[in-house]
Amino acid sequence: MGRADVAVGRDPRCPVWQLAAMLAPTSPRKQSLIIVLTWVACGGSSTGAKVPALDADRDSNAAAPLDAGRDSSAAGPADVGNDSSVAVLADLGSDRSVAAPADVGIDSSAAASPDVGSPPADVARDSTGPEVAPADRPPAGRDSADATQTVPDSGPRDLAFDGPLSGPDLFTGVAPVTYTNDPNTIFANPERGFYAMYETYASAYQSLSQSELQNLRTQSAVSLVMREWYLDSFVNSDLTQGFLDKVAADFNIMRLAGVKAVLRFAYTSNSTKPYGDANKARLLGHIAQLKPILFANSDVIAVLQAGFIGAWGEWYYTDYFGDNGTISASQWTDRQDVVAALLDALDLLRPIQLRTPAFKQHFYGTAALTSAEAFSSTAKARVGHHNDCFLADATDMGTYANVAADKAYLAAENLYVPQGGETCATSTYSAWSNATQDMANLHWSFLNQDYHPDVLASWGTNIDIAKRRLGYRLSLDSGSYSTIAKTGGQFEASLSIRNDGYAAPFNPRGMSLILRNTNLGTIYLAKLPDDPRRFTPGSTTTISHKFCLPSDIAAGTYALLLSLADPVPVLATRPEYAIRLANQNTWEASTGYNNLNRALIVSPSFTTASCTADDIPVSLGN
């Protein structure tokens with residue numbers, strides 16, 4: 001095996017080298033095949049060694065040429081997409097049960113490629129300041145030791161495996177991987193986190209600024225804004241077309257900037273009588289005028305707060321709908337009619353929020369939303385909660401009628417609907433210990449970064465924990481992936497995703513396994529049936545599926561990636577609207593994909609499993 005020794009540098013860690021050494025006393029033809037296989041699988045290309053010349057002019061001790069006229073019992077390297085670096089052991093000692101090694105054709109010099117597990121050049125840390133070591137409370141249901149445990153980073157990964165494969169990995173074509181969690185980095189993700197407040201009055205309209213919103217996302221890791229329009233000029237009249245055009249323009253600016261919005265409409269911020277809100281007929285007329293705009297821009301709407309009624313749209317100080325918490329039966333009916341009109345004005349996949357748990361319980365019953373009821377088009381499933389006096393005292397300034405019962409209700413409800421809001425005053429209850437406990441137990445998704453400044457300042461560096469954990473924070477724990485598959489055949493993938501956030505995603509979210517040809521860049525995808533809204537905070541979800549490759553997929557090597565893109569077509573290819581996982585060396589900012597640091601080699605020569613009717617189809621991407 002002298003030539004093989006030179007070609008691969010006699011690396012005893014390589015299982016194929018070990019196999020080759022054992023089979024050294026074999027026929028010249030098979031020895032030549034072993035030399036080629038060993039050179040490819042054990043890193044000949046990475047060491048700079050040249051594959052031994054397999055020609056007919058060699059000395060008598062050399063292997064015979066691998067030509068078309070060779071003995072049919074000695075198969076040479078299988079042709080995989082004309083990629084001469086891909087060699088397949090088709091016949092080794094007449095045992096045809098030996099599968100191709102999982103790492104065949106992987107040039108270890110590619111470890112720094114964007115298709116590999118090396119750190120992408122565009123992965124950025126939060127530029128707003130130094131990172132703070134996490135002091136997070138573990139999510140509910142998660143052991144504190146487990147919550148802070150990270151897996152040692154093994155360094156740059158080869159395209160298809162972590163170091164030399166051995167044992168079953170080599171012969172079954174399955175490659176496991178353990179991912180390294182990133183517990184510190186603060187980064188923007190859609191529909192979660194701290195939001196920036198932007199309010200404007202119809203009488204003195206101030207349009208949004210695209211550059212300002214972009215800077216929020218890129219410089220401060222804020223992807224969510226609250227846009228509140230005060231309809232002060234229209235208490236006694238219809239909305240004008242000029243005003244409606246300005247509202248539509250704001251939505252377009254949000255879209256261009258890559259952010260989404262929490263919306264609210266109100267008429268007044270006056271808390272003394274007369275307050276200055278509109279009557280029911282006028283209010284419903286305005287909702288009807290806004291409906292086409294809300295539908296047309298549902299892609300950048302995270303949630304609509306009920307608003308409209310009373311000062312600040314908070315349903316308390318009102319001229320027409322029951323003032324100061326004294327609400328008649330007819331006024332309750334009027335309030336519910338407003339909720340129905342708002343739900344009708346939105347896409348069925350978008351939720352609204354009410355100011356107190358008592359409001360929703362009055363309309364839809366005291367029982368909390370269940371898993372079976374969640375994410376349907378019913379009114380109960382589409383109504384969440386906002387709290388605009390968070391931590392002001394034990395009752396959040398009257399938000400809770402019965403603190404223990406209402407919090408238990410919200411803890412169950414908010415697994416499926418959005419909870420957000422703002423603080424409003426410092427108190428003995430507004431310390432960080434209470435804040436993180438309530439945000440975790442009640443599954444908060446977003447919080448105002450601007451109000452109340454004294455409360456937020458009192459949290460000190462702990463506020464970075466809230467920046468990371470508000471809403472969802474998803475990361476890969478581990479995975480196991482097929483490394484070889486025949487064209488038109490079956491392959492498998494299994495991965496575990498944990499959620500260290502306070503909540504789960506609350507709006508629909510696409511989830512796809514991406515296959516990207518490492519030479520051509522061609523994209524194939526398989527849409528997963530799993531729903532990220534079910535990734536419960538404090539838990540780990542394992543996803544396992546079998547997939548069917550198309551019969552016309554080009555042979556070659558395909559990097560495996562995970563996409564959690566926005567399902568709305570206009571945003572589906574926008575990286576700003578894709579979910580980034582909290583792992584090291586996985587995020588691709590240019591594509592919005594999360595690199596799984598594994599690859600699948602496809603060839604018509606492989607004898608892997610055939611597809612079944614239950615497999616998820618893989619199709620050519622856009």
Seminar exercise, completed: Checked Pro617, Pro604 against criteria (in contact with a Lys or Arg (Cβ under 7 Å, 6 or more places away or on another chain) and open to solvent by 10 Å² or more (accessible area, probe 1.4 Å)); the one match is Pro604
For this session: Confirm whether Asp393 is in a helix (DSSP H, G or I) and without any contact (Cβ under 8 Å) to a residue 60 or more places away in the chain.
Result: no
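How about the stretch 434-541: which strands (runs of 3 or more DSSP E) wholly inside it have at least 1 residues that are open to solvent by less than 20 Å² (accessible area, probe 1.4 Å), within 24 Å of Pro575 (Cα to Cα) and touching a residue at least 24 places away in the same chain (Cβ under 8 Å)?
Result: 446-448, 474-482, 490-499, 512-517, 523-527.
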Seminar exercise, completed: Filter the stretch 366-420 for residues that are touching a helix residue (DSSP H, G or I) at 6+ places or on another chain (Cβ under 7 Å) and among the acidic types (Asp, Glu); the one that is farthest from Asp450 (Cα to Cα) is Glu373
Exercise. Quick check: is even one residue across the stretch 545-553 touching a Cys at 6+ places or on another chain (Cβ under 9 Å), in contact (Cβ under 8 Å) with a residue 24 or more places away in the chain and open to solvent by 40 Å² or more (accessible area, probe 1.4 Å)?
Worked result: yes
For this session: Select from the stretch 585-601 the residues that are among the β-branched types (Val, Ile, Thr) and either open to solvent by 10 Å² or more (accessible area, probe 1.4 Å) or not in a strand (DSSP E or B) (or both) and list them in ascending order.
Result: Thr586, Thr591
Exercise. Using beta carbons and a limit of 6 Å, which pairs, at least six apart or on different chains, have the first residue in the stretch 570-584 and closer than 12 Å to Ser223 by Cα and in a loop (DSSP other than H, G, I, E, B) and the second one open to solvent by less than 10 Å² (accessible area, probe 1.4 Å) and not aliphatic (A, V, I, L, M)?
Worked result: Ala578/Gly592; Ile579/Asn189
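The values are calculated or read from the model by the stated rules, or taken from the named source; none is laboratory data. Here the structure is a predicted model, which means the values were calculated and not measured. FYI the Cβ positions are ideal-geometry reconstructions off the backbone, even for glycines, and counts take in every protein chain you see. In case anyone asks, the SASA skips ligands and DNA or RNA and just uses the protein heavy atoms, side chains included. Shrake-Rupley method; radii C 1.70, N 1.55, O 1.52, S 1.80 Å.
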